[in-house]
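The values are calculated or read from the model by the stated rules, or taken from the named source; none is laboratory data. Note that the structure is predicted; figures quoted are calculated from it, not measured. Cβ atoms come from the backbone with ideal geometry, glycine included; neighbour counts cover every protein chain shown. With ligands, DNA and RNA removed, areas are computed over all heavy atoms of the protein, side chains included. Shrake-Rupley method; radii C 1.70, N 1.55, O 1.52, S 1.80 Å.
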Amino acid sequence: MDTWDFFSTSLVSLWLHRFYIYSVVALGISVWILAQFLTTKPQNKGQKSSRNPASEGTEDKLVNGHATLQAKEVFVAGVKIFYGSQTGTAKRFAKDLAEAIVSFHLPVEVISMGDYDPDDCLAEETSSRNICVFLVATYTEGQPTESAAWFCRWLEEAASDFRFGQTHLQGLRYAVFGLGNSVYVDHYNTVGRNVDRWLWMLGASRVMTRAEGDCNVAQSKRGSIEADFEAWKAKFLTRLQLLCRGEKKPCSGKCKKGKCKSPGKQNKESSSHEHGASEHENTEAVELFETSSEEEADAEEAGGTNSVIDVEDLGNIMSHMKKAKRERELEEDVGTGLTGENTGRKEESERREMITPALREALTKQGYKLIGSHSGVKLCRWTKSMLRGRGGCYKHTFYGIESHRCMEATPSLACANKCVFCWRHHTNPVGTEWRWKMDQPEMILQEAIENHRNMIKQFRGVAGVKAERLEEAMTAKHCALSLVGEPIMYPEINRFVKLLHQHSISTFLVTNAQFPDEIRNLEPVTQLYVSVDASTRESLKRIDRPLFKDFWQRFLDSLKALSEKQQRTVYRLTLVKAWNVDELQAYAELISLGKPDFIEVKGVTYCGESSASNLTMANVPWHEEVVRFVRELAGLVPDYDIACEHEHSNCLLMAHKKFKIDGEWRTWIDYGRFQELAREHQSSGGARTFTAADYTATTPRWALFGSRERGFDPLDTRHQRKNKARDISGC
C-alpha cells in the first residue's frame, strides 16, 4: 500500500506541474535544433565551395521506368583528328590543328582514315568524351579520296542500315571541315557534307556547324582554302575552350527585337550533348539544311518570323536572297555613281589574285619564277642540256627549235583539267573562266624575259656550258606557251602573242581543247597545239578529268575550230599504257575531224609518285610500243605518214603528206619568214593572211624516222649517266 500511495502521489504531482514540464522539453528541443543548425551550415558551405562548377548540373532522366539522377558530361578528354587527303592539304591542315590544340594541354591524335577501322573503333568514341574532327577532301566526281574511301563507305552503309539505328553513335561529338573546289559545281564538298550527314543520322552530335574550304580563289569567302581553314580553326579552338570549361554554346547574337527568332537552332545548340529521339524529330530540317548566321537572318526575313519552311520553298527563298543582294549592289552603284565603265573597274578591283600565298610558296619551291598574280616562267631541262651541248628537245628535232633559246612560259597558271599525268602534280589552280585579277601583257612579257635571262645568267661559269650558246641564250627566240595551265584562258592572249612576235619570238601555244571560241578568235601563232589525250568520251573523262559538264562537245568543237586555222596545227597524243593505247580507230576519226598538219605521239612521262594521281611506271610505254602504235595509226589515216623520231623523249611525229615535197620532208620552220608574215598580217589589220606552207624548211636527215641518230643532233654529244645500270644479262 505504501508503494502504491507513493506512485499515485507522484503521478498527481506531475499532472499538477505538467505545464512546467512541457516548457522545459520544448526549450530543450529548441536548443538542440539551434545547435544542429549552427554546426552543420558551415560544413555544407565548405562542401559546396569545393565542388567543381562543371559538375553541378544534374537532371532527372527516365530509364526503364525509374527516375535516376545523372550528371552531364561536358569535359573533353582529348581530340582525335581524322583526315582524308589526296594531295596532302587535308593532312597538312590536320597537323596544323593538332599543334594548336596542344596549347590546351589536351591529348591529340592525328589519324589517316585509311589506317582506321570504323567498324571496330568508331563506336568507342561514344563514351570516350573525345571530340572527333573530320577533315575530308572531295576527289574526282564527288568521290572521297582513296585513303578515305572505306571509312566513307562504312558510314554510308551504317547510316542506311536499320540494324545500326539512329542511336548507334549517340554520344560521339564531332566537327567537320570539308575541302573542295567550287568550280566542280555538282560535286563541291560532297564528301564533307555526306560525312556530316551520315554521322548525324547515326546519332552523333555536332559541336559546331560544318565548314567548307574552297580551292577556287575566285569564289572562296576569304580568298584561299588556307584562309578558310584558318578562320574555321579559330572558331573551333574557341568552341573547344568553351567545352573544356563546361560552357554551352552561346547565342549567335543575331536575335532581333530582344527575341530569338531561331528556336529550332537554339534548341539544337542547348542540347548539343543530348542527342535523343526528340531532337531528331524537332531539328531535322535545321540540321540537314544549315546556313550561316547571315543567311539565316535573310531567310527569316523572307519566310516570316517563326515560320516553317518547306524543302520545296528553299529554292524560292535563296532566289529571293540573291535578288535582294543584286538590288542592294545596284543601289550602291547608282548612289556612288559607279555605273558602266566605273562598275567594271570596281568589279576588277574586287577580284582576287589567282596565286595565293600558299600556292606561291609551293610553285616557287618547284623552280617557277612567278610574274604578277597569274603568270610564270621556268627553265626547261632541255634548255640546260643544250647549253652544255648535250642535245635538244624533240621540238628541236621536229621543227628546228633552238632549245637553249626557248623560254617556257604561261600567262595563265589556271587550267580547266586535272589530268592524271600532270607533271605539275596539280599545284596550279583550276577554273572554267577568268575570274581573277588581270595583269597587262606588256608587264608579263617584260618580267618573263627578265626572269628568263636571270636564270640563264646562273649558268655563267658552270662546267660544260658552251660560251657561245650561253650568249645566244640571253636573247630568247622562241616561247613555249605550255609551261602549265591553259594560256588561252588569259583574256589578253592575242595582245600577248602580238607582243612576242614584235620581239621576234616565235610562239608555240598549247591548249587542252576546252575553249573552242577562244581557238577561233586566236591570232596567228607559229604553231598551235591541241592536247588529244583520249579519243572517247569515257576515256577523256577518266584521263583529263575536265571541269566542264559539256567537256566532250567542247572537245569536238575545239578540234573543228582547229581545222579552220590556216597556220600550223598539231595534235599532241600522250600514250598512257592501260588507259588509252587501244583506241586506234577512234583516234583516226578525231584526226579526220580536226585535220591537223602534224601529230605528235609521245609516251607519258612518269614524274614520280603523286598523291593526286595513281599513275606508276607501269603506265609508261616502251619506245618500241610507241613506234608500233604510230605505225598502226598511220595505216588508218592514209593522208599521213611517219616523218620524225626523237628516241630520247619517247616521241614520234606524223605529218600530213603535203609537207613531203619532191620526196623531202619539210617539217622544220623558217622562223625568219614567219616573223615577216606575222608583221605583214598585223600591219594590214588581218587582211593579209598566210598558211602553214608559207614558212616551211627542210628537215635534216638525222631527224627523220629510221635514221641512225634516231633524232639526236650530231652536232651535240650524247651524255650517258655514270650510274646507269649495267647490262648483267650476259648477252
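A few comments on the model shown:
- Answer residue from segment 545-574, given it is of a type in the set (S, T, Y) and in contact (Cβ under 8 Å) with a residue 60 or more places away in the chain and is nearest to G603 (Cα to Cα) among those: T574
- Filter pass, D196 being among the acidic types (D, E) and closer than 17 Å to G84 by Cβ: yes
- Complete set of residues in segment 472-492 that are of a type in the set (D, E), closer than 22 Å to N521 by Cα and in contact with a helix residue (DSSP H, G or I) (Cβ under 8 Å, 6 or more places away or on another chain): E492
- Test for E442: is it without any contact (Cβ under 8 Å) to a residue 24 or more places away in the chain, surrounded by fewer than 24 Cβ atoms within 10 Å (Cβ to Cβ), more than 25 Å from G223 (Cβ to Cβ) and among the acidic types (D, E): no
- Candidates T138, T87 - the one that is among the polar types (S, T, N, Q) and open to solvent by 60 Å² or more (accessible area, probe 1.4 Å): T87
- Of the residues examined, W436 is one that is surrounded by 19 or more Cβ atoms within 10 Å (Cβ to Cβ), touching a residue at least 12 places away in the same chain (Cβ under 8 Å), among the aromatic types (F, W, Y) and touching a Pro at 6+ places or on another chain (Cβ under 9 Å).
- Per-region count, segment 209-245, residues modelled with pLDDT of 90 or more, farther than 24 Å from P429 by Cα and either aliphatic (A, V, I, L, M) or under 18 Å from the mean Cα position of the chain (by Cα) (or both): 4
- Selection status of W702, touching a Gly at 6+ places or on another chain (Cβ under 8 Å), surrounded by fewer than 18 Cβ atoms within 10 Å (Cβ to Cβ), of a type in the set (F, W, Y) and modelled with pLDDT of 95 or more: yes
- Test: residue in segment 525-533 that is more than 18 Å from C651 (Cβ to Cβ), touching a residue at least 40 places away in the same chain (Cβ under 8 Å), surrounded by fewer than 20 Cβ atoms within 10 Å (Cβ to Cβ) and of a type outside the set (A, V, I, L, M): no
- Unique residue being in contact with an Asp or Glu (Cβ under 7 Å, 6 or more places away or on another chain), under 29 Å from G400 (Cα atoms) and surrounded by fewer than 20 Cβ atoms within 10 Å (Cβ to Cβ) when the list is L593, L573, L499: L499
- Search result, residues across segment 655-682 that are in contact (Cβ under 8 Å) with a residue 24 or more places away in the chain and of a type in the set (G, A, S): A655, A678
- Search result, residues across segment 124-146 that are assigned to a helix (DSSP H, G or I) and out of contact with any Asp or Glu (no Cβ under 8 Å at 6 or more places or on another chain): E124, E125, T126, T140, E141, E146
- Some residue of segment 469-478 being among the polar types (S, T, N, Q) and surrounded by fewer than 22 Cβ atoms within 10 Å (Cβ to Cβ): yes
- Set E486, E492, E538: member being of a type outside the set (A, V, I, L, M, F, W, C), at pLDDT below 95 and surrounded by fewer than 22 Cβ atoms within 10 Å (Cβ to Cβ): E538
- A single member of A687, A643 is on the phi < 0 side of the Ramachandran plot, free of Cβ contacts under 8 Å to residues at least 24 places away in the same chain and not in a helix (DSSP H, G or I), and it is A687.
- Segment 704-715 residues that are closer than 18 Å to I401 by Cβ and touching a residue at least 12 places away in the same chain (Cβ under 8 Å), paired with ones that are open to solvent by 70 Å² or more (accessible area, probe 1.4 Å) and charged (D, E, K, R) (beta carbon under 9 Å, 6 or more apart): F712/R718
- V185 over 17 Å from T87 (Cα atoms) and surrounded by fewer than 19 Cβ atoms within 10 Å (Cβ to Cβ): yes
- Filter pass, V630 being surrounded by 15 or more Cβ atoms within 10 Å (Cβ to Cβ), modelled with pLDDT of 90 or more and not small (G, A, S): yes
- Taking the criterion of being in contact with a Ser or Thr (Cβ under 6 Å, 6 or more places away or on another chain) and not basic (K, R), the residues of segment 665-687 that qualify are W665, T667, W668, Y671, F674, Q675.
- Failed criterion for P144 (all others in (1) open to solvent by 10 Å² or more (accessible area, probe 1.4 Å); (2) farther than 28 Å from R435 by Cα hold): (2)
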